[in-house]
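Down below is the structure, laid out as structure tokens.
The values are calculated or read from the model by the stated rules, or taken from the named source; none is laboratory data. A quick note: this is a predicted structure, and the numbers were derived from the prediction, not measured. Please note: Cβ atoms are built from the backbone with ideal geometry, for glycine as well, and neighbour counts cover all protein chains shown. Accessible surface areas use protein heavy atoms only, side chains included; no ligands, DNA or RNA. Shrake-Rupley method; radii C 1.70, N 1.55, O 1.52, S 1.80 Å.
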Amino acid sequence: MKISRLRLRDFTATFLVLVAAAYYGLHVADVHVPDLGSVRAVAAVVLFLGIAACATSADPELFRLGPGRSLLGQAQMVLGAAALVIGLAAIAFGSELALTTLFAITALLWASATSRHMLRQPRRPRDVSSDVSSTHRVSKNWQVRTR
């Protein structure tokens, strides 16, 4: 496993999730943070940072619908939707359980996405000569009509 396969966007998402973990940890430790003393405020911060981490680290495959999506991608999509609903419930009702669940899902999504990025196979360089020859071959077969 090479850490060099991670990109800057993975490190940015890690930083955002660590900030969310710090806020959640301070809340659990009952440390008073100005303007973030309530469950609702901490839930809003965790939800916002989770969405930002997802948007930062997401692969283009994440937004593709259809049968070509991997099982892990489908599970992450369901977990992301659940995190959104639970986060909004935590903000609306001020529930400690909803906040804890929101943070757990956020951490799970980050861990699964980061490990998937670490384990992916490096892309092979494209053979440019085959693209040029096929383009040339197609262009030879075209007929141009003149008036």
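Test PHE48 against the stated conditions and say whether it is modelled with pLDDT of 95 or more and loosely packed, with under 15 Cβ neighbours inside 10 Å. In short, yes.
Which ones in segment 26-53 are part of a helix (DSSP H, G or I) and not aliphatic (A, V, I, L, M)?
Residues satisfying the conditions are HIS27, ARG40, PHE48, GLY50.
Rundown of residues vs (1) modelled with pLDDT of 95 or more; (2) in contact with an Asp or Glu (Cβ under 8 Å, 6 or more places away or on another chain); (3) open to solvent by less than 60 Å² (accessible area, probe 1.4 Å); (4) outside any loop (DSSP other than H, G, I, E, B), yes/no style:
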residue	(1), (2), (3), (4)
ALA89	yes, no, yes, yes
THR101	yes, no, yes, yes
TRP110	no, no, no, yes
SER115	no, no, yes, yes
GLN121	no, no, no, no
ARG124	no, no, no, no
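Applying the set (1) loosely packed, with under 14 Cβ neighbours inside 10 Å; (2) at pLDDT below 95 to MET77 leaves exactly one unmet item: (1). Entry remark, segment 1-25: residues being in contact with a helix residue (DSSP H, G or I) (Cβ under 8 Å, 6 or more places away or on another chain) and either surrounded by 13 or more Cβ atoms within 10 Å (Cβ to Cβ) or assigned to a helix (DSSP H, G or I) (or both) number 15 in total. For segment 26-45, a residue qualifies if it is closer than 15 Å to THR100 by Cα and open to solvent by less than 50 Å² (accessible area, probe 1.4 Å), and the qualifying residues are HIS27, VAL39, ALA41, VAL42, ALA43, ALA44, VAL45.
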